[in-house]
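Presented below is the structure to which this report refers.
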Amino acid sequence: MQFEILYQELVQGADIIRALTRGITQAEARSRPTPESWSILEVVCHLYDIEREDFRPRLDSILHRPAEEWTPIDPASWVTTRGYNERHLAETLDSVLAEREKSLTWLKGLSTPNWEAEHIDQFGSIKAGEMFASWVAHDNLHIRQLVELRRGRIVSLAEPFDVGYAGEW
């Protein structure tokens, strides 16, 4: 695994998330394209909670206490139970970026991590390297989601004009 390059992806991911939320009003941040979709604000809130309650603590557990039982999480339900769409975008973004800084500092402080260390439970097994790589991939999944939400915003702002000349989406 190319840790340094993947680490830089997490660094750059924070910058990209910041950029993708720049210029978004609170009303736009709360807007959902469909009732089942997440808003920009809900994506950012999810990234905050996942940073604190999923990837960093679980990777730490795999590396240092692989037999430890994980605290159950339910990220899909958090959108409503934690009132994501009632929060403030700027404050939540600041929180995400602060948590990412903690994660980056923690990752850099790991001395010779065993990426082959493995956590096994009733759901299966996952190696530390897989968890770290999944963390980076998860960032990209939600960066893609934010790009799609921003594009929807552009299409809406351009009405009544069509954006088809821009190319196939």
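Just a few scattered comments:
- Breaking point among (1) free of Cβ contacts under 8 Å to residues at least 12 places away in the same chain; (2) assigned to a helix (DSSP H, G or I); (3) within 24 Å of Phe123 (Cα to Cα), for Ala19: (3)
- Leading residue by the ranking (most open to solvent (accessible area, probe 1.4 Å)) among those in segment 1-25 that are among the hydroxyl-bearing types (Ser, Thr, Tyr) and more than 28 Å from Trp115 (Cα to Cα): Thr25
- Residues satisfying the stated conditions in segment 103-129, i.e. in a strand (DSSP E or B) and farther than 24 Å from Gly13 by Cβ: Glu118, Ile120, Asp121, Gly124, Ser125
- Number of residues in segment 69-83 that are free of Cβ contacts under 8 Å to residues at least 40 places away in the same chain and surrounded by 13 or more Cβ atoms within 10 Å (Cβ to Cβ): the value is 3.
- Evaluated against (1) exposed (fewer than 11 other Cβ atoms within 10 Å of the Cβ); (2) in contact with a strand residue (DSSP E or B) (Cβ under 9 Å, 6 or more places away or on another chain), Ser61 falls short on exactly one condition, (1).
- Just one of (1) farther than 12 Å from Leu59 by Cβ; (2) open to solvent by 40 Å² or more (accessible area, probe 1.4 Å) fails for Leu146. It is (2).
- Identity of the residue in segment 26-58, among the acidic types (Asp, Glu) and in a helix (DSSP H, G or I), that ends up surrounded by the fewest Cβ atoms within 10 Å (Cβ to Cβ): Glu53
- Residue list for segment 134-158, filter: touching a residue at least 40 places away in the same chain (Cβ under 8 Å) and either of a type in the set (D, E, K, R) or in contact with a strand residue (DSSP E or B) (Cβ under 9 Å, 6 or more places away or on another chain) (or both): Ser134, Asp139, Arg150, Arg153
- Every condition in (1) closer than 16 Å to His142 by Cβ; (2) in contact with a Pro (Cβ under 9 Å, 6 or more places away or on another chain) is met by Leu63 except one, and the failing one is (1).
- Filtering segment 92-122 to residues that are open to solvent by 30 Å² or more (accessible area, probe 1.4 Å) and under 16 Å from the mean Cα position of the chain (by Cα) leaves Asp94, Ser95, Ala98, Glu101, Lys102.
- Every residue from segment 19-58 that is modelled with pLDDT of 95 or more and charged (D, E, K, R): Arg22, Glu28, Arg30, Arg32, Glu42, Asp49, Glu51, Arg52, Glu53, Asp54, Arg56, Arg58
The values are calculated or read from the model by the stated rules, or taken from the named source; none is laboratory data. Since this is a predicted model, take the numbers as computed values, not measurements. Don't worry about glycine lacking a Cβ; one is built from the backbone with ideal geometry, like all the others, and counts go over all protein chains shown. Note: areas computed on protein heavy atoms with side chains; ligands, DNA, RNA excluded. Shrake-Rupley method; radii C 1.70, N 1.55, O 1.52, S 1.80 Å.
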